[in-house]
Amino acid sequence: MSNEDKGKWVGKGMKRKEDLRLLIGRGNFMDDIRLPNMKHAAILRSPYPHAWIRGMDVSEAEKLPGVRGILTGEDVEKMSKPFSVGVPVPPKYYACAVDKVRFVGEPVAVVVADDRYIAEDALDLIKVDYEPLPVVMDIEEATQPDSPILHDNIGSNIYSHRLFKYGNPEKAYEEADLVVKGKFLFPKYGSTPIETYAVIASYNPYNEEFVIYNNYQGPFVTHFLVALALGIPENKMRWIVPTDIGGGFGTKTGMYPYIALIALAAKKTGMTVKWLEDRREHLLASSTGTDRVTYMEAAVKKDGTILALKDKAIDNTGGYIRPPEPGCAYRSTGNHTGAYQIKDLDREVLVVGTNKCLTAPNRGYTCQELYFSVERLVDMAATELGLDPAEIRFKNFIQPGQFPYTTATGGLYDAGNYPKAFQMALDIIDYKKMREEQQKARKESKYIGIGFATVVDPSVTNIAYVTLALTPEQRAKERPKSGSGESVIVKMDPLGKVHVIASTNPQGQGHETVISQIVADELGIHPDDVTVSDVVDTHDRVYSITTGSYSSRFASVGTNAVVYATRKVKERMTKIAAHLLEANPNDLELKKGKFYVKGSPDRSISIRHVAGTAHWNQAALPEGMDAGLYASSFLSMPTSKPVDDLDRVDSSNTYGFVAEAIVLEVDIETGEVKFLKWASVHDSGTVLNPMLLEGQVMGSCIHALGGTLYEEFAYDENGQCLTASFQDYLVPTAMEVPKIDIGHVETASPLTALGSKGAGESSSMSVPVAIGNAIADALSPLGVTIDELPLSPNKIWHLIQEARAKKD
Amino acid sequence: MKPSAFEYFTPNTVEEAVGLLEKYEDEAKILAGGQSLVPIMNFRLGRPEVLIDINGIRDLDYIKEEGDDLLIGALTRQRDVELSPRVQEKCPILAEAVSFIGHVPIRNRGTIGGSLVHADPSSELTTVICCLDGEMKVVGPPGDRTLGPEEFFLTYLTTSLEPSEILVEVRIPTLPQNTGWSFVELSRRVSDFAIVGVATLLFMEDGGICKEARIALGGVAPTPIRAEEAEELLAGQKITDALIVKAGEEAAEIAEAEPDYHASAEYRKDMARVFVQRGLREALNKVRGGE
């Protein structure tokens, strides 16, 4: 059946359907929701990074006029259970500190009052008796047996520890001419969405049901885990997410303890309770990416061939560990070797706790940590071997003819052309000429550097990866996990217009727009004839453990669901049309809103007539066909399988590629960095909407620019956060954004209906190390090495002074 | 992040404001542009019991000339000073310094007086007023008095204003012909607090001799400071690059830099050197361009 309208909308830079309502202030965010008799919560937080709570007196606070009730750790312990997490011995992580605090900002009590002002006044009147304890802030120190222990029930600060071996690294080391080694420190930074966390909860004691509004990025695993913690069946907790979420970037995919905390406050006080996280709370205590220490080495041949990687990586999830952690350590397993043909691996993975804020995925979910080590090491190997850093990459790339390519760790790369994409990046910056300019500049004591990163961009998590935290023996005792499904329902109304019901819960990605483009193409209608409701309501939507927008899922698994559900509707329309036209369905074609019998242009029936029949004259439908006109799709990717006995897993499903090429100048007097050229070339499969993709690429570049040069959750040795306001936690603004030239190479994914892959995280993985490599290249004449971030001017200046002192 | 409760007054005259200050003294804070005070109150780092909102005192909003001086009302918005043709012509260093304050929306609200009484030593206005030797006119119950920068700025976030006094006007000398000037600063991002800010003035004589040099540094001591020894080094000299290098080194000597998360003490001190040198070169270029 032909469709001449195909490709009319998908692939075009159609303007976002969402924008008008957002621009005129008619979006619907958490703070727009006002429920009858709603009260307001404020949370008392620990000023200590590590302390016993010896007592708490709330009597003065309770007496303050306007205060409706106070929830304490004692209540939380009685009313709920600790959150589950996939590690052998889980810490007792409740929604609020019970007997001990383990990071500054940890909740210790909740005040419910008539307004937020009164609630905050009441916080001042609560007296807490703390007994401070020694703190542990350093990742490596946390692994030592004599360090202060956070959780007595675990007995050490190690939450998760695994050893992995893939292939035959010993043999590779024998064959290698050189082993290059490094130690790399990756900082703790986050996402800072414009809309912080927010919860409105109520409890109906008569049907024992919670209704909880929130802005979580999906039900994902958290709906299930919160229900477990509250000790209720999942169907007794209805989650509703408003139409708009003001950004997420992963921050809102971790265990969101406040959903449980505010639910408990609502249950205890009998009130409808609203809580909005303020910016200080967000920076101090919501969620960040993990900081990581990596020891990594590469066994390399003289010609630059990388034979094996050996690494020990230690992640830090802070005072507790909560889902989806310890995913930080395991999520990138399938793409551990990046864009290269490396067969042999030796890995040690540790996830530890310190007295810092807790973690969750942060755009790129630890791929930036991984590639910071891998791609620095590739540059270091090139330097030692006297090779060009571009040449060593071309030498080791997986070649276009090798797809689908199975990595040593079990990743199944679906499609790609890495040399072509990297070459495009080199051409954009005019690489050869830049090297000449660099030489010229050095003669004038100007320090120009060129840095690359060529990385694989995994999207659509296969939830199987979380079980890597268990050994194969431990796993064998549990039921396996796997999957990546997303659900969509497409329905056509009696007048022939389409409404799509999705639950991807977007946070600004433009799903409404793309869904409309896809449906318009599939049915030959206009995107304006498609409306979309893409929110979560756990009582109304079809969802599962995998549902939500995280892991750049929409462009792959989300669009699959849209396409397949729409095609099912079209198939039913075709059958109805054929029945009414007394023709064979195979002889019909859909053109400009009408079904025609091929070769008989006078025999046709409009979409509207078909839809009208399905609703208004159900007796006229083909025998056995359902009334109405709708269909659903909820498919997991076929590649989402459980972890195998050798710890191999296809941890994601579609794999894009990013080549970053950055030219910059370092002012060696001040340590400031100025960008001269920046090429960012992406392969995210078939491009669905170039305008939206450009936004994603720019966003991921700038988010990573923040983590590389500006942003850090820094702590002093006493455990106090030094960057708990936007005065010190420096997110790049428009003024800091350099010109970035974006290029695309499209290799269609065979796993998706439209050939698309995820792109929302992309450069967040490649930019930190590309900038790091460029600064290292710029400062190489001074003997400066780069092995940690963020690279503030102060930091770069000190590195230069240290290198000079060494030389003298 | 909600402030604690406060009483709120909206006087329409300086006399009313002073009356309220006399009544409430330390319990009261004056609200002008609110760009520092409001965040401080929202963080509950400050909990004034009384707010005296002076935005209704319209006759504190002006830019005038009197003889060789500019007179600027304390309530004048920073953006108005930055864009004033009179300021740009008669005292361009002031317009330039103000352009470094925050972002445009901040300058639209922030006032000249508010920034000066806040007395943050890394602020652009305190530094440039120190360089220009501006004068602060304050009014209190006994009447008014006038204070120079050294009398006005006592230490970090502290001025010599009495609890019942209010800053009403700043008097700033206009720059004579043949003056080189610059305002340069180092900050993490555009608009961030300066790690170091430097204002320089070179008053030149015919023949390319520097009659008098002024160098003020912000961010490197509890108040903005003048690098007097470096100034003396340049006075009466034909300024060479070697002299500028030396002046920078000399100026850095007086920096009593404190370390913070963004800059170590050593870094801040060295940046004082670098930015004094850069500032002097820029000032010299300007005056040479003008010859």
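Expected output is a single nm value to one decimal: the length gained when fully extending between A:K591 and A:D114, i.e. 0.36 nm times separation in residues minus the C-alpha distance. What is it?
Details: separation 477, 0.36 × 477 = 171.72 nm, distance 5.97 nm.
Additional length available on full extension: 165.7 nm.
Could you order the peptides A:149-160, A:344-355, A:12-23, A:493-504 from most to least packed, using the average number of other C-beta atoms within 10 Å per residue?
Details: A:149-160: 18.3, A:344-355: 23.2, A:12-23: 14.8, A:493-504: 20.7.
So the order, starting with the most tightly packed, is A:344-355, A:493-504, A:149-160, A:12-23.
Can you list which of the GluC sites (Glu not before Pro) found in region B:205-248 are DSSP loop residues with at most 12 other C-beta atoms within 10 Å? Please report the intermediate quantities before stating the final value.
Working: sites: B:E205, B:E212, B:E228, B:E229, B:E231, B:E232; in loops: B:E205.
Passing sites in region B:205-248 are B:E205.
Calculate, in whole percent, how much of the Cα-Cα pair population of region B:7-56 lies beyond 17 Å. Please list the in-between numbers first.
Working: 353 of 1225 pairs.
Here the tail beyond 17 Å accounts for 29 percent of pairs.
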Practice prompt. Would you work out the relative contact order for chain A, in percent, from Cα pairs under 8 angstrom that are 6 or more residues apart?
Written response: 17 percent
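How many Å³ per residue does the convex hull of the Cα positions in region A:520-659 occupy?
Working: hull volume 28.7 nm³, N = 140.
Output value, Cα hull per residue: 205 Å³.
Which whole-number percent is the relative contact order of chain B (Cα, under 8 Å, 6+ apart)? Each step should come with its number before you reach the end.
Values: 659 pairs, mean separation 43.4, N = 291.
It comes to 15 percent, rounded to a whole number.
Convex hull over the Cα atoms of chain A, averaged projected area in nm²?
On the way: hull surface 148.9 nm².
If you wrap the Cα atoms of chain A in a convex hull and average its projections, you get 37.2 nm².
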Practice prompt. Check cross-link reach from B:K238 to the lysines: straight Cα distance under 27 Å, and skip same-chain residues fewer than eight apart.
Written response: B:K90, B:K211, B:K246, B:K269, B:K286
Worksheet, complete the sentence: Extension length gain for B:L45 and B:E256 (0.36 nm per residue less Cα distance), in nm, is 73.4 nm
Item to complete: Can you grab the distance from the C-alpha centre of region A:638-658 to the C-alpha centre of region B:61-104, Å, no decimals?
Response: 63 Å
Item to complete: Mind jotting down the distance between the C-alpha centroids of region A:515-540 and region A:255-283, whole Å?
Response: 33 Å
Practice prompt. Provide the percentage of antiparallel DSSP beta bridges, counting only those with both residues in the protein assembly as shown; round to the nearest 5.
Written response: 80 percent
Worksheet item: What nm value, rounded to one decimal, do you get for the distance between A:D303 and A:K171 when each label is placed 7 Å out toward the C-beta?
Response: 1.9 nm
Practice prompt. Grab the DSSP H runs of chain A that are 4 residues or longer, score each as -39,500 (n - 2.57), total them, divide by all residues and round the 222 nm result to the nearest 500 deg cm²/dmol.
Written response: -8000 deg cm²/dmol
Discussion item. Order B:268-275, A:170-177, A:710-717 from most to least packed using the mean count of other Cβ atoms within 10 Å.
Written reply: B:268-275, A:710-717, A:170-177
Worksheet item: Using a Gaussian network model of chain B with C-alpha springs under 10 Å, which one of B:K137, B:K23, B:K90 is most mobile by mean-square fluctuation?
Response: B:K23
Worksheet item: Per residue of A:659-671, how many C-beta atoms from partner chains lie within 10 Å of its own C-beta, taken as a mean?
Response: 2
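Taking 60 Å as R0, compute the FRET efficiency from the Cβ-Cβ separation of A:K432 and A:A805 and round it to 0.05.
About 0.95, to the nearest 0.05.
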Response to the item:
Rounded to the nearest 0.05, FRET efficiency between A:D129 and B:Y62 (Cβ-Cβ, R0 56 Å) equals 0.50
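For the ranges A:467-480, A:267-280, A:319-332, B:110-123, what's the packing order if you count other beta-carbon atoms within 10 Å of each residue, average per peptide, and put the highest first? Intermediate results must be reported in sequence, preceding the final value.
Working: A:467-480: 14.2, A:267-280: 20.7, A:319-332: 27.1, B:110-123: 23.6.
In descending order of packing, they fall as A:319-332, B:110-123, A:267-280, A:467-480.
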Worksheet, complete the sentence: Kirkwood Rh for chain B from C-alpha pairs, in Å, is 19.5 Å
Fill in: For region A:481-493, Karplus couplings with θ = phi - 60° (6.51, -1.76, 1.60), whole Hz, Gly/Pro x
10, 5, x, 7, x, 9, 10, 9, 10, 10, 10, 10, 8
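Below 13 angstrom from the Cβ of A:K568, what's the summed charge of the other residues (Lys, Arg +1; Asp, Glu -1)?
Values: positive: A:K491, A:R567, A:K570, A:R572, A:K575; negative: A:E522, A:E571, A:D626.
Net charge around A:K568: +2.
What length, rounded to one decimal in nm, is gained on full extension from A:V737 through to A:R34, with 0.36 nm per residue of separation minus their alpha-carbon distance? The partial results should precede the final answer.
Values: separation 703, 0.36 × 703 = 253.08 nm, distance 3.74 nm.
Going from the current span to full extension adds 249.3 nm.
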Item to complete: Evaluate peptide B:189-199: per residue, the Cβ atoms of other protein chains within 10 Å of its Cβ; return the mean as an integer.
Response: 2
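Read the figures in this text as sums done on the coordinates, not as results from a lab. Note that the structure is predicted; figures quoted are calculated from it, not measured. Because the Cβ atoms are built from the backbone with ideal geometry, glycine has one as well, and the counts that use them run over all protein chains shown.
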